[in-house]
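To keep things clear, I will list the structure first and then write my remarks on it.
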C-alpha cells in the first residue's frame with residue numbers, strides 16, 4: 001500500500017540523501033554516504049538526472065572521499081571487476097540510492113581497496129580468507145573532479161549529446 005504524503009513531506013523526502021554504510025571498525029574513516037550532498041548535486045533532484053549522470057556524480061564523490069584517506073605516497077587507481085580483478089577482503093559495505101553499491105576493504109596484497117558497483121552489474125563472490133598478518137609525488141585527481149562537478153552543475157546537459165570536438169578534448173597546459 002502506498003503511503004500518502006503531504007507536499008512538504010514529498011519535497012523533504014526527495015531532498016534527503018538516501019545513503020548508508022556499515023563498517024566493522026567503528027573508527028573507520030568517514031565515507032561519503034554520511035556526508036550531505038554538495039550543493040551542486042542537491043540542486044537538481046536525482047529523478048531529474050539520467051542514471052549515467054547520477055552515477056557519475058556519485059562516483060566523483062567516492063573518488064574524492066577515497067583520495068582524502070590516502071597517504072602522501074599513495075594515489076588512487078581503478079580496479080576492474082571480472083576476470084583477474086582479484087579478491088577484496090570486505091571491511092564495509094555501503095549504498096547510494098538509486099543504483100550504486102560500494103565495498104570497502106583490502107586486496108590480497110594488503111592494499112586498501114574500494115569497489116563501486118552498479119546494482120545492474122552486481123556480481124559478488126564471498127570467499128573465506130585467513131586473517132591478514134601485521135606487517136615520485138602522488139598525483140591527486142580530487143581537485144580536478146571537484147572542478148568538473150562544479151562545471152557540470154552549472155551547464156545543463158544537452159538533450160542529444162553531440163560528439164566531442166577533438167580540439168576540445170586536448171589537455172590544457
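Bear in mind that the values in this text are calculations on the coordinates, not laboratory data. Nothing here was measured: the structure is a model prediction, and the numbers come from that model. Virtual Cβ from ideal backbone geometry, glycine too; neighbours counted across all protein chains shown.
Please work out how much length the chain gains when fully extended from residue 89 to residue 34, using 0.36 nm per residue of separation minus the C-alpha to C-alpha distance, in nm with one decimal.
17.6 nm
Among 113, 7, rank each residue by its count of other Cβ atoms within 10 Å, from fewest to most, as a rough exposure measure.
So the ranking, lowest neighbour count to highest, is 7, 113.
How far apart, in nm, are two points set 7 Å out from the Cα along the Cα-to-Cβ line at residue 150 and at residue 22?
3.8
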